Amino acid sequence: MLLGRRVLFLFLILALCVAPATSQAPPTAGSVDFEKLAIESTDWLAGLVRINTTNPPGNELAGARYLADILQKEGIPSEIVETAPGRGALVARLSAGAFPDPSRALLLLGHMDVVGVDPSKWSHEPFSADVADGAMWGRGTLDDKGPLVANLAAFITLKRAGLRLNRDVIFLADGDEEQGGDIGIRALAEKHWDKIAAAFCINEGGSTVVQDGKPRYVGVQAGEKVSINYRVTATGTSGHASVPLKDNAVVHLAAAIEKLGNWETPVKPTVLSKRYFEGLADVEDPELAKWMRVLDTPERQDHAARILSAANPVWSSMLRNTVSPTILQAGIRANVIPSEARAILNVRLLPGELPGEFADDMLKVVADPQIRIDIDAMNSRPSPPSEIDTDFYRSIVKASRVVFPGAPVLPLMSPGFTDSAELRVRNVTCYGLGPFPLTEEEEARVHGDNERLPIVSIRPGIELVYRTVEDFVRAP
Ligand SMILES: [Zn+2]
């Protein structure tokens, strides 16, 4: 009996070994032909770049119709939501069940609009999608049409693979991001929340940084600063310029701007920036790494922050609230002392900082009763950072280990703002990826001249997004 069972067991093992894989088993990321997908994605991107969606006026509906055609060929229905004439977004959904469950859904978000160009400064036509010198040239290739197409490729691949999903996956291509999102993400969130409601989101905002020819780290944006414009007003006595006055508004404004522009604001490392520097220390030059590791030590924090801030202005802005004077206005005639002079400061506050309190702090720095400081505009919505101890974050880490082995995943708090702020206030856990590996020089072309996406970066970028998504949404 015992022997008989053993024989049967061996036979079963043998049968399993020689049995062909069942044809019903859905493929995994390991069986996706990423090389082929990269070629398709390059075509999709070229078509999208050739649609001029400079905002203003935006013209995103042309982009939405283009994406709807691509999805339709894959048998995926989509909906175009018009938020203003010629403006809007495209939404499509892969459902996990009969009823949408927004408390679990994953949103793949990218924006179709782009910032303007000065064509005379470009070596290729900015809406040509020309491929030359190993790159695709064009406004939007990096921000944000490239990442949007990486989302599209992941979405389409999920559909083609026929995976059973543990949550709905929503693809959203929106607009008006570059002008603040009033008729983009804000309009969608306020008027069409049922179509896009999700618990998790992948959006722009991160970066995969290449140094010395290899990916150094994968930065995942998990929080962002708030952008606020403050108006500084100096008042004084007006008069003839031939009789100089001590309370000259121009002089008082200039002194205030000098103080605020050079103000070394207090260091306030956040949970995210501490995690960022801790991780970065493992791959950074040991001299600097030593200071990154003591940012959490109160006695050495200020000194460490000073050294890191001097080494890199981006690090400086991650560690504190910042003030950049950007506009000065005074005077109407060369021989008239004006009674008023004004300036605009662009301020980026860390999450949780109070705009009114920061205005009071600035007034203390200026210490001049002739100066008034008011909020001129809230450019972005204050939002809490996203938690990083989540399965979704771990899916990014897992995917990154396969695609960019040896490069750590670091959480970022970006000084710039994205559509994610509007979602984070609605309790959506948002992570910003910059899936395409880029050098700092390439990354700096975002919003600048000669924006381009290196062709070799396309495959790893789409692979990172697909592997992340598949790991997170695949039902067991
Ligand atoms: Zn963008």
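The values are calculated or read from the model by the stated rules, or taken from the named source; none is laboratory data. Every value quoted in this text rests on a predicted model; they were computed, and no experiment measured them. Neighbour counts run over all protein chains shown; Cβ positions are idealised from the backbone, glycine included.
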Number of positions in the range 69-86 that are buried (at least 18 other Cβ atoms within 10 Å of the Cβ) and in a helix (DSSP H, G or I): 2
Among the residues that make up the range 127-136, is at least one of them more than 13 Å from residue 172 (Cα to Cα), surrounded by 17 or more Cβ atoms within 10 Å (Cβ to Cβ), without any contact (Cβ under 8 Å) to a residue 40 or more places away in the chain and among the acidic types (Asp, Glu)? yes
Please list, ordered by residue number, the helices (runs of 4 or more DSSP H) wholly in the range 272-325 having 1 or more residues that are outside the structural domain of residue 431 (by TED's automatic domain parsing) and touching a strand residue (DSSP E or B) at 6+ places or on another chain (Cβ under 9 Å). 313-319
Could you say which residue among 424, 372 is in contact with a Pro (Cβ under 8 Å, 6 or more places away or on another chain) and among the basic types (Lys, Arg)? 424
Pairs under 9 Å by beta carbon, first residue without any contact (Cβ under 8 Å) to a residue 24 or more places away in the chain and over 13 Å from residue 84 (Cβ atoms) in the range 55-73, partner assigned to a helix (DSSP H, G or I) and not acidic (Asp, Glu), six or more apart or different chains? 66/44; 66/47; 66/48
Among the residues in the range 199-212, are any surrounded by fewer than 19 Cβ atoms within 10 Å (Cβ to Cβ) and either under 24 Å from residue 353 (Cα atoms) or without any contact (Cβ under 8 Å) to a residue 12 or more places away in the chain (or both)? yes
For the range 118-209, list the strands (runs of 3 or more DSSP E) that sit wholly inside it and hold at least 1 residues that are within 14 Å of the ligand (Cβ to nearest atom) and touching a Leu at 6+ places or on another chain (Cβ under 7 Å); which are they? 169-174, 200-203
If we ask which residues in the range 1-54 are modelled with pLDDT of 50 or more, farther than 30 Å from residue 83 by Cβ and among the small types (Gly, Ala, Ser), their number turns out to be 5
Name the residues in the range 370-418 that are over 25 Å from residue 166 (Cβ atoms), more than 16 Å from the ligand (Cβ to nearest atom), of a type in the set (A, V, I, L, M, F, W, C) and part of a loop (DSSP other than H, G, I, E, B), would you? 404, 407
Restricting to the range 261-313, name every residue that is among the small types (Gly, Ala, Ser) and more than 23 Å from residue 346 (Cα to Cα). 279, 281, 289, 304
Check on residue 422, within 16 Å of the ligand (Cβ to nearest atom), farther than 29 Å from residue 32 by Cα and either acidic (Asp, Glu) or in a strand (DSSP E or B) (or both): yes
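Quick grid of which residues meet (1) surrounded by fewer than 16 Cβ atoms within 10 Å (Cβ to Cβ); (2) not assigned by TED's automatic domain parsing to the domain that holds residue 174:
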position	(1), (2)
369	yes, yes
374	yes, yes
386	no, yes
407	no, yes
437	no, no
In the range 439-460, the residues that are buried (at least 23 other Cβ atoms within 10 Å of the Cβ) and either within 15 Å of the ligand (Cβ to nearest atom) or not assigned by TED's automatic domain parsing to the domain that holds residue 125 (or both): 451, 453
Only residues in the range 112-126 that are over 20 Å from residue 177 (Cα atoms) and surrounded by 12 or more Cβ atoms within 10 Å (Cβ to Cβ) count as the first member; pair them with residues that are of a type in the set (Asp, Glu) and at pLDDT 95 or above, Cβ under 6 angstrom, at least 6 apart or cross-chain, and list the lot. 122/449; 124/130
Please go through the range 210-248 and pick out each residue that is within 24 Å of the chain's Cα centre (by Cα), outside any loop (DSSP other than H, G, I, E, B) and of a type in the set (Gly, Ala, Ser). 219, 222, 223, 227
Residues being more than 14 Å from residue 58 (Cα to Cα) and more than 14 Å from the ligand (Cβ to nearest atom) - total across the range 102-117: 7
Residues (farther than 14 Å from residue 224 by Cα, within 20 Å of the chain's Cα centre (by Cα) and crowded, with 19+ Cβ neighbours inside 10 Å) located in the range 304-324: 316
